[in-house]
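Quick notes on the structure that follows.
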Amino acid sequence: MPGLDGVYEERYAKLAALLNENLHSGEELGASIAVVIDGEPVVDLWGGWADRDRTVPWRRDTITNVWSCTKTVTSLAALLLVERGLLDVDAPVARYWPEFAARGKEGVLVRHVLSHTSGVSGWDRPVTVADVLDVPEATARLAVQAPWWPPGTASGYHLLSYGHLVGELIRRTDGRTLGRFVAEEIAGPLGADFHIGLADSESGRVADVVPPPSRSAGLAAADPAGVATRTFIGPLGGAEESWHPAWRRAEIGAANGHGNARSLARIHSVIACGGTLDGVRLLSPRTIDHVFSPQSDGPDLVLGAHLRFGIGFGLPSPAVTYLPEGRICFWTGWGGSVVVIDTERRAALSYVMNRMGAGLLGSERTIQYVSAAFAAME
């Protein structure tokens with residue numbers, strides 16, 4: 001099989017050994033891990049296979065669907081507009097998007113959308129994945145829905161709707177779509193290989209994900225009218241959806257970002273380093289403070305776990321025992337991909353893979369790698 005490639009500082013030898021072991025044992029198919037400190041890469045590793053048939057090696061420029069790690073880039077885009085004074089986290093969403101005030105949502109604030117507390121965590125049925133890929137129409141449907149719980153009272157993870165909601169706020173305030181905004185204002189200036197809405201010309205280097213056990217299995221005992229069930233089946237789609245050109249081309253800011261660990265760690269180093277990276281200034285410390293301002297703290301209505309959300313990112317909580325103490329924010333993607341930002345260590349780390357694992361907020365492999373990375377920083 002293709003060997004582990006890339007570079008790492010010696011103190012991260014255990015992290016490299018873990019990835020190498022998992023690749024050779026078959027726990028991993030293909031994967032990449034990156035750690036950036038003070039804007040400098042100290043770990044940039046990749047290896048394994050990009051395809052299920054084990055014919056194409058995972059290369060330096062291999063990218064894959066990172067699922068909900070896309071949300072962190074979408075959140076950063078919104079915070080950039082907050083920084084520029086174009087978006088106010090304390091303003092009603094309807095100030096920018098008047099149609100959103102329908103059916104009792106006039107009091108929903110921008111901060112509610114960015115912290116998964118808006119009450120709009122999915123689509124009223126019937127809805128299909130194809131419907132959600134029609135971003136303008138799907139977004140308009142969210143605007144006219146009633147909230148599924150009193151906004152601002154609890155988090156309910158916005159599984160797929162997050163990107164449509166935040167993306168529309170970006171479009172209404174800036175004029176550009178989410179994917180174009182990220183390309184021109186974040187990925188481009190930072191030289192990061194990350195895409196929300198992938199050009200067909202880039203598809204040849206995509207590693208298709210290998211699906212985990214069905215995530216719908218746990219819904220059998222759930223209340224069919226409950227928020228969790230309505231979110232997970234509104235719409236219900238398998239990981240195989242990401243293999244299709246229609247999925248890749250769409251701008252699904254909650255779930256279809258394509259990149260690798262290097263690009264995610266690079267992008268999020270902006271937050272780790274106080275808002276400026278290699279002379280590119282995106283945020284001020286004051287705007288970054290929003291990320292660490294707790295918006296919810298308790299059982300999430302969709303995921304069921306005890307979560308804490310700041311504005312745009314998850315914060316350490318009882319459900320995420322593998323994160324150390326400190327001024328840390330993070331989020332995970334379905335199957336185990338992860339982004340962790342530590343502003344005290346000025347560190348950003350990411351793990352991205354194509355063989356999806358089991359777990360609610362990271363797989364066993366996620367926990368292994370994040371734990372090893374932080375142990376090396378001590």
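Nothing in this text is a laboratory measurement; each read-out follows from the coordinates by a stated rule. No experiment lies behind these values; they were computed from the predicted model shown. A quick note on method: Cβ atoms are made from the backbone with ideal geometry, for glycine too, and the neighbour counts reach across all protein chains shown.
Each other residue within a Cβ distance under 12 Å of Arg346 adds +1 if Lys or Arg and -1 if Asp or Glu, for a net charge of -2.
Over every Cα atom in region 270-357, the radius of gyration and the widest Cα-Cα span, Dmax, amount to 13.7, 41 Å. With K and R counted +1 and D and E -1, the other residues having a Cβ less than 9 Å from that of Arg141 yield a net charge of -3. Cα-based radius of gyration for region 123-251, normalised by 2.2 N^0.38 Å, reads 1.17. A Cβ-based charge dipole, computed about the Cα centre of region 1-78 with Lys and Arg at +1 and Asp and Glu at -1, lands at about 240 debye.
Across the chain, C-alpha contacts under 8 Å between residues 6 or more apart give a mean separation that, scaled by the residue count, equals a relative contact order of 24 percent. Rg over Rh for the chain works out to 0.94, both radii taken from alpha-carbon positions and Rh defined as the Kirkwood radius. Scoring 177-187, 240-250 by mean Cβ neighbours within 10 Å over their residues and listing the highest first yields 177-187, 240-250.
Working ranking of peptides 5-16, 306-317, 119-130 by packing, defined as the average number of other Cβ atoms within 10 Å per residue, highest first, is 306-317, 119-130, 5-16. Hey, what angle do you get for helix 364-377 against the long axis of the chain, alpha-carbon based, 0 to 90 degrees rounded to 10? So the inclination is approximately 70 degrees.
In this Cβ point-charge picture (+1 for Lys and Arg, -1 for Asp and Glu), the chain has a dipole of about 460 debye about its Cα centre.
The H on the amide N of Gly257, modeled in the peptide plane, is under 5 Å from the matching H of Val66, Trp67, Thr70, each at least 5 residues off or on a different chain. Toward the positive end of the charge dipole of region 228-309, with +1 on the Cβ of Lys and Arg and -1 on the Cβ of Asp and Glu, the farthest Cα among Gly234, Gln295, Asn260 is that of Asn260.
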